[in-house]
Every structure is written in C-alpha cells, then in structure tokens.
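S.K.: I'd like to ask you about the structure that follows.
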Amino acid sequence: MYSRAYKTLVSVPPILWAGIFLLLPYALMFAYSFWAVRDGVIVHQWNLHNYATLFSKPVYIEVLLRTMRIAVSVTVCSLLLGYPLAYYLSFRAGARKELLYQLVIVPLWVSYLVRGYAWKTILGSEGVLNGFLQYLHLTHEPVAFLLYSPFAVVLMLTHIYTPFVFLPIYAALEHIPRPLVEASQDLGAGSLQTFLRVILPLSIPGLLAGATFAFVLTLGDFLAPLLVGGASGTMIANVVQSLFGAAFDWPLGAAISACILILTISLLFLSERLEKRWSFK
Amino acid sequence: MSSAAANSQQRPPATPGTLLEVLGIAKRFGAREVLKGISLNIASGEFLTLLGESGSGKTTLLRLVAGFEQPAAGEIWMSGERLDTLPPYQRRVNTVFQHYALFPHLSVRENVAYGLRVKRTSATEIGGRVEEALRMVKMQEYADSRPSKLSGGQQQRVALSRALVNRPLLLLLDEPLSALDANLRKQMQGELKALQRELGITFLFVTHDQEEAMALSDRIALLRNGALEQVASPRDIYAHPATAYTAQFIGQTNLLRGEIKDGVARCGSLQWPVEGPSGAAIFSLRPEAIALASDGMVPSGTARFRAAVQQQFFSGASELLEVNCGGQLLRVRISARGPLSGEHEFVFSIADAIRVQE
Amino acid sequence: MNGHATNRRATFLKAYSALVFAFVYLPVVVLILYSFNRDGVGGFPPRHLTLDWYRQLFGDAPIWDAVVNSLMVAAGSVALSLTLGLLAALALDRADFPGKALFRRLVLLPLVLPGIITGLSLLMFAVFVGAQLSLFTVFLGHGTALISVAATELFAGLQKMDRAQEEASLDLGATPWQTFWRITLPNLKLSLIAAGLLIFTLSMDEIAVTFFLIGRDNTLPLEIWGRLRRGITPEINAVSTLIFAVSVGLIVIWYRMRASALSAEAQEFLERP
C-alpha cells in the first residue's frame, strides 16, 4: 500500500540520525576504551589495560559489587511496594481505580532532582526525619546512617522507581481477563491460591519489564549517590563520572561505560526472552 | 507516455457491455497462493457477488480491484483501460469497507465530501452532490453529526454514500453487512438492491453468506481456495451446481455417492434410471425436491424409496426430516404437518438429481 | 471458605497500599511544606511560615536565566524528537529494510539506558567532531535521547489507528501525501500531544545527559544542582515546589485535553476491532 518513495522518505532521516547520534557515539566510546592516557593527554594507542584494571583492582570490584547490591535492593523493594499497589488498584479498588491510577502517575512527572533533594532534606542529621524523631523523643541524637549511606541511596531510588515498576505490572494485571479469576474460584481456589496460581504467573512479563527497568537504571545512576550517598554510597557510575572529570582518564571511564552498556543490553535481551517465555498469547 | 505505450494501455473490452475484465490474476502471500489464475468479466450495471469461505481469496480479489494489492500475475482492465497499474486514488472505483472506515475526526457531511474535496471540486458542486448522496441513503438529518454518534446501520449508510457521491464506475463492497444484526441486515439488503437498481452502478459485492448472495446478485462467482468454482446466476447455480462443493455450499443438499451401471444410478439403496457412461458418480438432490409419496404426486420420471424418520425439525412453514434409508442419511423438506414417525415412502423427480463433479 | 482470613488480608492490602501511596507522596509534601519554613530545610516542626523564600526566588536572576535556557532546549527537543520520532514510527510501522530490527532496538535504547552512557557517548562524539559544549549540544543530546519517547508513543498510536481509513482515503482519490495530512496526522493528534508533553517535561527535568554536554549556560536542573553543592536553603524548596506545581498543571491540562478529544463514545468507536 505504501510506495517505495514513501517508505524511503520516512526511513532515511531517522536511520541517518540513529547512525550518527547513536551508533557512532557508542562506537567512539568503545574505541576510547581501548586507548590510554599519558601525561594528561589521551593517546590513541590500542590496548586492553583499561579492562584489565577494571577487573583486577579491588577498589573497582568493590564499587561494582556495592552497585550490584544496591541495584538488587532497589529492584526488590520497588517490586515489594509496587506490585501490591498494582494488585490493589487492579482487583480491589473498584470505582476509584481510575482516580488512584492518575494519582500514582503524578509523581512520575515530578522532577528526579526534586524528589532526590526532598530525601536529602529529610534524611540529614539536621533533617526533617531526625527532627521528627527527636521531637517525639524517640531518639536523642541524630541517627547517622540515614543520610550519606547506601541505605539512603536505596531509599531514594526505591522512591523514584516504585511508580515505574508499578506501571507495567498494573498493565499486565489489567490484561488478565476477570473470568479467569472467577473460573479459578469456581473450581475451588481461594484468593491466595488464585493469586499464586493464576494471577502472578500471568503478570510475570509486566513484572520482568518493571524490574529490568529499575535494575538497569539504578546500575547506571550517579546522581543519587552524589545527593544522598556520601563516600560510602558511591556507585560505579560515580567512578566513571570522576574519570571524565577531575581524575581525567577518559579511556578507563569509557571502558567502564562500555561494560555498563554491554551489561544493560544483555539484561534487556535476557529480560525480553524471559518475558516471551512467560507470555501466553 | 509514447503513443505506443498509451495504446497498449487501451483497448476495447472483449465483449460490449463489459465493464471489468479480470485476466489470469494470481496473488501470493509469502508461500501461500491466495489466488490462482482468476479470469472473470463483470458486465456494466451488474450486481456480481464474490462468494466463498474465509481464505477463499474473495477479499483479496476485491482489494486487487481496489488497488490495495498488486497482482503477482495477470491484468485487470476497466472500460478498455488498464487498471491494475494505477494507484487506488486514480481508479474510478470506490470501496465500502467492512467496518466502514469512516473518518472519526470529520462530520458525516465532511466524510461524504472527502473524495470531492481532494479532487478540488468547487464548493457549490460539493454542497449539491453531498446533499443528493445523503438523501439517497436517507441520512440528511445526520449531516453534521460525528460518526461515533451513529449506530452501525447508520454508519454503513454514510460509508455507502461517501463512496457513491464520487460516481464511480464500479462500487466494491467488502462484506458491508456482516457487522449488522440479523434484522438490520435483511433491511439493508433490500435497500442495497433497490439502490443498485435505481443508480445502475456496477456492484462487486463480497460475502461468505450464500443466502445474502442469492438474494442480492445478478450473478454469483463462487471462490474456493483461490480458484473460481462456478460463476452463474443464483437460480442457475442453485438448480445446476457443477460440483459437490457448490451444491453443498449454496443451499442445502443431499450428496448421493454411488455409481452408474448399465443406465442405472445406484446410491446406497436408492436407484433410478440415468443416462451416461458407467462409472462412479455423485448426485446432488435438494431436500425440497423429495416429497412424501402419500402426498399424492406421482408423475412419471420419479424414483421412490422407503426410509425411517429419525429426526424432525419444525421451522414454521416447513419441516426438515432426517431420514434413514438403509443406512444412508437423507434430508427431506416438506410442508408443515405435525410430528411424523416410522417408515414412510418418499418420492423425487429424477430430473432433480443433478450429477455433480467432485 | 475462610472468610475471616480473606477479610483480614483485604484490609491489610488496603492499609499496605495506603502506606505505599504515603511513601510516594510524603517526601514531596514535606518539601512543599518546608518551602514556607523560615528556619531552614530541616528540623521539626516547621514553626515559622513565610513567603520570603519565594520572594527571594523571584528576584533570583540566574535561576530565571536557567529557566529560559531550559525552555528553549525543551521546545527545540520537542520539535526535533516529534519530527524524527514520527518518521521513525512510520518507518517501523510501514517499511521493511535490512537492519530494521537493529534500528528498532537502537531507537528504543536511550529509554532504558542510564543517562550517563548516552551523555558520555555524545560527549565523546562532540569532542570527536570538535564541537563546543553549549546549549546546542544539550539540545542535541535531549533530542537524541527523547526520540525514543516520541517513537514509542507514535508507534502505539499508529498501531491503534484503523488502517482502513488510510485505504478509504486513497480509495476516494486522495494521494498518499494528502492522506498523510488529512487522515494520518489528525488520527495521531492525541499521541502527538502526549508525546510532546512528555518530551517537554523530561527535557525540563533532564540532568544525567545534560551533565556531560553543558557549556557555559545552565539549564534549570543544573543550576539547582550547582546550588546544592554550595549550601541549601528553602529557596531550593521553593523552586522545587514551583516545578512540582507546573508538572501537575501540565498533567491536568493533558487529561482535560484527552477527555474532551475522546468522548466516551468516540473511544468505543475507535476501539472497535
């Protein structure tokens, strides 16, 4: 139905754009990762030192592991918060479902920075939470670990990603035909059993989508550690950021970025395969 | 375009009065052959129906004439000009789509005017022709409504008038009534038929409903697996089906399989004299062609048999009996008369046993 | 059945959901509250409420310069992303070409990729072509990253569109070009607006990619970010509250538009098979 001219006209500009502004930059990043820095200047000398450094120096490995732990924590917590909320909205909220859904969406539109900053002011030793606890005479001194710790990073990012995790799970739950639930109950299964045997399995694609999103984005986040992470809460992206900043070692930074990129793509592929396996069309 | 090339795209139709010529059209979707060398002529002013099951290729053929698909082989000519090489917007052909495809962001009036506006017709002419088109389908008072506010039947009329206002040489209708409920369907069938007669525009109609095809068409083209099974008027195709498939698809029938030997056809326990060489044979015998012997019709040239009534279905004016004749199940339609049971003698006219191909 | 257990579970779920809602909203509520607090961003309770911080905000020239910069970048990003995103969506929906699968993944990648990767790769690209970092490079960065949003939204809109409408338009004599303007685009109106609003909001809020592509002129998020390092005052709460209010305002506008453009009946009509 569409002529060749039409199809060419719509395809060429975005393909060119994708090539120049997406593919080429990634290629450059890979190229950089094989170069080196000598006396404060980037030298185009092809080598594998950067990757070797990344995987052998304990400081990098430690940060990597911490980042993984934080990413897993954020993902798990977001799921623990987002899934029940989605379930409640989809199956129990009745007439208020639409309104509540809009309410969940609203925070998504609110700036990441705004929400991160909010946590900063809440968790500090002079912050709102500490003030509140002392006001109630629950504590007498500020609780230290709240801010500038991995805990704060996990808390902040869970706050950010819970609505993101909620969305695909809610969509998946909404797609489950209600007659299935009725049939399950008709056959003798109570609500818990119905949930475990029918609803949960059918919602797995949405769950995977949300989890992947939260995990991947947490992995590469460098803003949250800068806001609330402190020294003990640094993540791998902060290392990259400083390598492109004060620590000036673009090739090493590029190598770490390349690894993050590859890891992200791999996780996306994996998630996609799993989602397909778990979608029953 | 050189005159030689121009001439090759123009030639008078094979027979006068023919509007559309489909010549050896074939179409493939991937590995599947959807149309296998179809050739068909449509006369000017005719109501021709493409009838078939889903997958028979009828919709594909329609879309080829409309211009939304390209043939893998073959040609289509209309009024002496090559049609299949033209894009859809240059063909004097308009389509009524199955789900109407009305533009939701335009009013009824704007929908109907669409074809005229894109060809930059003058505003005054548009106004007049749109009014006339809406009057034709009795939708004038809805002119300023949005399609979403109309019922299915109303939308269908708008779709019709949107196509007709352009005065096409050929109107294509892609199962336009299938989305309507039974009563509305019957009503629209009547209106469509009347409209076609009144306007004299050639209609190419696609449906899977054989009753609808028989009620509306001047001729029926029965498609099966991408090939033409039979093309004939409704009465012809009903009374003289060429194949067993046709006999069963159109109306109901009893397919009697047996053999002819020495001038006698033997199918199960039924036998009657027949002309033709010996060999295997299939006969189509319509249920209404069989009568109860006790009803008193015993002209010459009939065959008789005894059978036990196994099931009886009452349908107002008639009864449909399922009878067992020596293990062979037959269906018989007789006028309504109350419950029957046991063995009865049945009779049918030999001329009604039509020999069909496999 | 065990009615009691079911009831208890139902109540628990309801309470839990309420807690999740609270968790999601509370920080912002606190933030807004403390923007009126005379004594700073922390402590409890906020005793002296004042509008001073807002007054200070309105006199704060660098912030408003940054707002203007952000608006320019956002407007440009909307235009660029919508145009290229629309073309990409059309290409994905209608054209077949070698490498289409790769193209699709490439276009959608920035959505799920951490911003630092997009930002750094574009930085290296900028250095490679010898470009000066400025609002223009920021604009290119946002545009690139946000095409994904436009493409996704518009592709969904194209899929939902009744294909027969375009066929009907061609059938009635309109050329493909006429069909695009008269039928395809109007049908995509909602998707275009949704995508536009989303791109605008994301661009105004963008930090990660911007971080690496920024030149002398700051966008609003980066201006705020810079201040966070210097010492925080409720003025930052004030500007955050304003950002929140504008965001919510945009959502309300969006829903109003959506509601009027799609009356319930029209929605049913469009959702017919």
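S.K.: Using only the Cα atoms of the range B:51-155, what are the Rg and Dmax in Å?
M.R.: Cα-based Rg and Dmax for the range B:51-155 come out at 16.4, 47 Å.
S.K.: Return the long-range amide H neighbours of C:Val41 (sequence gap of 5 or more, or a different chain), with a cut-off of under 5 Å between placed amide H atoms.
M.R.: Amide H to amide H, under 5 Å and 5 or more residues apart or across chains, C:Val41 pairs with nothing.
S.K.: May I pose another question? Compute the label zone of A:Leu196 within the range A:54-88: residues whose backbone N is under 18 Å from the point 7 Å along Cα-to-Cβ.
M.R.: Counting only backbone N, you get A:84.
S.K.: Which FRET efficiency, nearest 0.05, do C:Lys189 and C:Phe12 yield, Cβ-Cβ r, R0 45 Å?
M.R.: Details: r = 44 Å, r/R0 = 0.98.
Calculated transfer efficiency: 0.55.
S.K.: Within 14 Å, Cβ to Cβ, of A:Leu54, how many net charges do the neighbouring residues add up to if Lys/Arg are +1 and Asp/Glu are -1?
M.R.: In short, -1.
S.K.: Sticking with this structure for a sec: Residue by residue through the range A:198-203, what is 3J(HN,Hα) from phi via Karplus (6.51 cos²θ - 1.76 cosθ + 1.60, θ = phi - 60°)? Round to whole Hz and write x for glycine and proline.
M.R.: 10, 5, 4, x, 6, 9
S.K.: Grab the other residues whose beta carbon is less than 13 angstrom from that of A:Ala86, score K and R as +1, D and E as -1, and report the net.
M.R.: Net charge in that neighbourhood comes out at +1.
S.K.: Determine, from the Cβ-Cβ distance of A:Leu267 and C:Tyr25 and an R0 of 25 Å, the FRET efficiency 1/(1 + (r/R0)^6), rounded to the nearest 0.05. Can you show the working numbers first?
M.R.: Values: r = 30 Å, r/R0 = 1.21.
Using R0 = 25 Å, I get an efficiency of 0.25.
S.K.: How large is the direction-averaged shadow of the alpha-carbon convex hull of the range C:134-255, in nm²?
M.R.: 9.5
S.K.: Over 19 Å, how big is the tail of the calculated P(r) for the range A:58-153, in percent of all Cα pairs? Show your work: numbers first, answer last.
M.R.: Numbers: 2880 of 4560 pairs.
Every Cα pair in the range A:58-153 considered, those over 19 Å come to 63 percent.
S.K.: OK, next. Which whole number in µm²/s is D for chain C by Stokes-Einstein, with the Kirkwood Rh taken over Cα pairs at 10 °C and 1.306 mPa s? Please report the intermediate quantities before stating the final value.
M.R.: Details: Rh = 22.1 Å.
Answer from the Stokes-Einstein relation: 72 µm²/s.
S.K.: Quick query: amide H of B:Asn254 versus all other amide H atoms, modeled in the peptide plane; which residues come in under 5 Å with a sequence gap of 5 or more or a different chain?
M.R.: It is B:Leu285, B:Arg286, by chain and number.
S.K.: Around B:Ser318, which amide H atoms from residues at least 5 apart in sequence, or from another chain, sit under 5 Å from its own amide H, with H modelled in the peptide plane?
M.R.: B:Ala336
S.K.: Suppose every Lys and Arg Cβ carries +1 and every Asp and Glu Cβ carries -1, with no other charges. What dipole size does the protein assembly as shown come out with about its Cα centre, to the nearest 20 debye?
M.R.: Details: 77 positive and 67 negative charges, 114 e Å.
Dipole about the Cα centre, nearest 20: 540 debye.
S.K.: If you take each beta carbon of peptide C:30-43 and count the beta carbons of other chains within 10 angstrom, what is the mean?
M.R.: For peptide C:30-43, the averaged partner shielding equals 4.
S.K.: Next up: From the alpha carbon gyration tensor of the protein assembly as shown, can you work out the equivalent ellipsoid semi-axes (sqrt of 5 times each eigenvalue) and give them in Å, largest to smallest?
M.R.: Details: eigenvalues 963, 233, 154 Å².
So the equivalent ellipsoid measures 69, 34, 28 Å along its semi-axes.
S.K.: Compare the Cα positions of B:Thr124, B:Gly296, A:Pro107 along the charge dipole of the protein assembly as shown (+1 at Cβ of Lys, Arg; -1 at Cβ of Asp, Glu; about the Cα centre) and return the one farthest towards the positive end.
M.R.: Checking the options against the dipole of the protein assembly as shown, the answer is A:Pro107.
S.K.: Here is a further query. Sticking with the crude label model, points 7 Å out along Cα→Cβ, report the distance from B:Glu198 to A:Ile176 in nm, one decimal please.
M.R.: It is 5.6 nm.
S.K.: Which value, in debye to the nearest 20, describes the size of the charge dipole of the range B:1-156 about its Cα centre when Lys and Arg Cβ atoms bear +1, Asp and Glu Cβ atoms bear -1, and nothing else is charged?
M.R.: With only Lys, Arg, Asp and Glu charged at Cβ, the dipole is about 260 debye.
S.K.: Report the label-to-label distance for A:Leu23 and C:Lys160 in nanometres (one decimal), using points 7 Å from each Cα along the Cα→Cβ vector.
M.R.: In this crude label model, A:Leu23 to C:Lys160 measures out at 3.2 nm.
S.K.: Also: Direction-averaged shadow area of the convex hull around the Cα atoms of the range C:111-154, nm²? Write out the running numbers ahead of the final one.
M.R.: Values: hull surface 12.8 nm².
Its Cα hull, projected and averaged over all orientations, spans 3.2 nm².
S.K.: Let me ask something additional. Cα atoms only: what Rg and Dmax, in Å, come out for the range A:124-281?
M.R.: 21.5, 66
S.K.: For A:Ala231 and A:Arg277, calculate 0.36 nm times their separation in residues minus their Cα-Cα distance, and state this gained length in nm to one decimal.
M.R.: Result for the pair: 12.4 nm of gain on full extension.
S.K.: Rounded if a/c is under 1.5, else prolate if a/b beats b/c, else oblate: with a ≥ b ≥ c from the C-alpha gyration tensor eigenvalues square-rooted, which is the range C:1-109?
M.R.: oblate
S.K.: Using θ = phi - 60° and the Karplus form 6.51 cos²θ - 1.76 cosθ + 1.60, what ³J(HN,Hα) does each residue of the range B:216-231 get, whole Hz, x for Gly and Pro?
M.R.: 9, 8, 7, 9, 10, 10, 8, 9, 9, 6, x, 10, 7, 7, 6, 10
S.K.: Calculate the translational D of the range C:128-184 in whole µm² s⁻¹ from Stokes-Einstein, where the hydrodynamic radius comes from the Kirkwood formula applied to all Cα pairs, the temperature is 25 °C and the viscosity 0.890 mPa s. Don't skip to the end; give the middle numbers.
M.R.: Numbers: Rh = 14.2 Å.
Using the Kirkwood radius from Cα pairs, D works out to 173 µm²/s.
S.K.: List, in order, the whole-Hz ³J(HN,Hα) value for each residue of the range A:261-271 obtained from phi through the Karplus relation with A = 6.51, B = -1.76, C = 1.60 and θ = phi - 60°; use x for Gly and Pro.
M.R.: Result, rounded to whole Hz: 4, 4, 4, 4, 4, 4, 4, 5, 4, 4, 4.
S.K.: Note down the nm distance, to one decimal, between modelled labels 7 Å out along Cα→Cβ at A:Val12 and at B:Ser151.
M.R.: For the pair A:Val12/B:Ser151, the computed spacing is 5.3 nm.
S.K.: Moving on to the next point. Taking 45 Å as R0, compute the FRET efficiency from the Cβ-Cβ separation of C:Trp177 and A:Ala183 and round it to 0.05.
M.R.: Working: r = 51 Å, r/R0 = 1.14.
Approximately 0.30, to the nearest 0.05.
Read-outs: derived from the displayed coordinates by stated rules, not from any lab. Predicted model, so just to flag it, every value in this text is computed and none were measured. Glycine gets a Cβ as well: all are built from the backbone with ideal geometry, and neighbour counts include every protein chain shown.
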